[in-house]
1. Out of everything in the range 48-83 that is in contact (Cβ under 8 Å) with a residue 40 or more places away in the chain and closer than 19 Å to residue 112 by Cβ, what residue ends up being nearest to the chain's Cα centre (by Cα)?
2. Here are some conditions: (1) closer than 30 Å to residue 127 by Cα; (2) at pLDDT below 80; (3) surrounded by 11 or more Cβ atoms within 10 Å (Cβ to Cβ). Residue 10 meets all but one. Which one does it not meet?
3. Could you say which residue among 80, 70, 52, 117 is modelled with pLDDT under 90, surrounded by 13 or more Cβ atoms within 10 Å (Cβ to Cβ) and assigned to a helix (DSSP H, G or I)?
4. Please determine, by comparing only the residues of the range 83-94 that are surrounded by fewer than 12 Cβ atoms within 10 Å (Cβ to Cβ) and part of a helix (DSSP H, G or I), which one is modelled with the highest pLDDT.
5. So, in the range 13-35, of the ones that are at pLDDT below 80 and over 24 Å from residue 124 (Cβ atoms), which residue ends up surrounded by the most Cβ atoms within 10 Å (Cβ to Cβ)?
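The values are calculated or read from the model by the stated rules, or taken from the named source; none is laboratory data. This is a predicted model, so every value here is computed, not measured. As a convention, Cβ positions derive from the backbone with ideal geometry for all residues, glycine included, and neighbour counts pool all protein chains shown.
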């Protein structure tokens with residue numbers, strides 16, 4: 001298994017979701033602490049507006065990262081697909097185990113990359129429809 005596929009299997013998929021969840025949790029905690037401080041009304045309103053702007057910025061930043069990742073995954077998938085044509089060149093009497101192993105790895109790479117892309121797009125879809133943390 002390659003370093004890339006190991007990263008896809010665990011780190012990247014969980015990493016994107018965990019990073020976004022951690023950012024949202026931090027903003028919620030910060031919002032709660034600031035609300036509990038009992039700031040004067042005008043100051044509290046300004047703090048809430050600032051937090052809302054910052055949270056929207058973080059959501060846009062996360063969306064941008066996920067879109068860039070989706071494009072990279074699409075590029076990887078497009079680059080890998082032509083190698084699947086090799087399956088048409090396999091002849092049973094001439095099949096070499098190394099050729100079959102290479103095809104197996106190609107299929108796995110495509111599958112793992114597609115799974116990662118789908119997971120990131122699901123996260124992106126959730127970001128597009130979620131309210132800022134302070135609003136829930």
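1. Applying the first criterion (in contact (Cβ under 8 Å) with a residue 40 or more places away in the chain) to the range 48-83 yields 48, 51-52, 55-56, 59, 62-63, 65-67, 69-70, 73-74, 77.
So of that shortlist, the ones also closer than 19 Å to residue 112 by Cβ come out as 66, 69-70, 73-74, 77.
Numbers: 66: 5, 69: 7, 70: 8, 73: 10, 74: 13, 77: 16 Å.
Among them, the one singled out is 66.
2. (3)
3. Being modelled with pLDDT under 90, surrounded by 13 or more Cβ atoms within 10 Å (Cβ to Cβ) and assigned to a helix (DSSP H, G or I) holds for just one of 80, 70, 52, 117, which is 52.
4. Step one: of the range 83-94, the residues surrounded by fewer than 12 Cβ atoms within 10 Å (Cβ to Cβ) are 85, 88-89, 91-94.
In the following step, the residues that additionally are part of a helix (DSSP H, G or I) were identified as 85, 88-89, 92-94.
Working: 85: 85, 88: 81, 89: 77, 92: 70, 93: 70, 94: 74.
The selected residue is 85.
5. Selected residue: 34.
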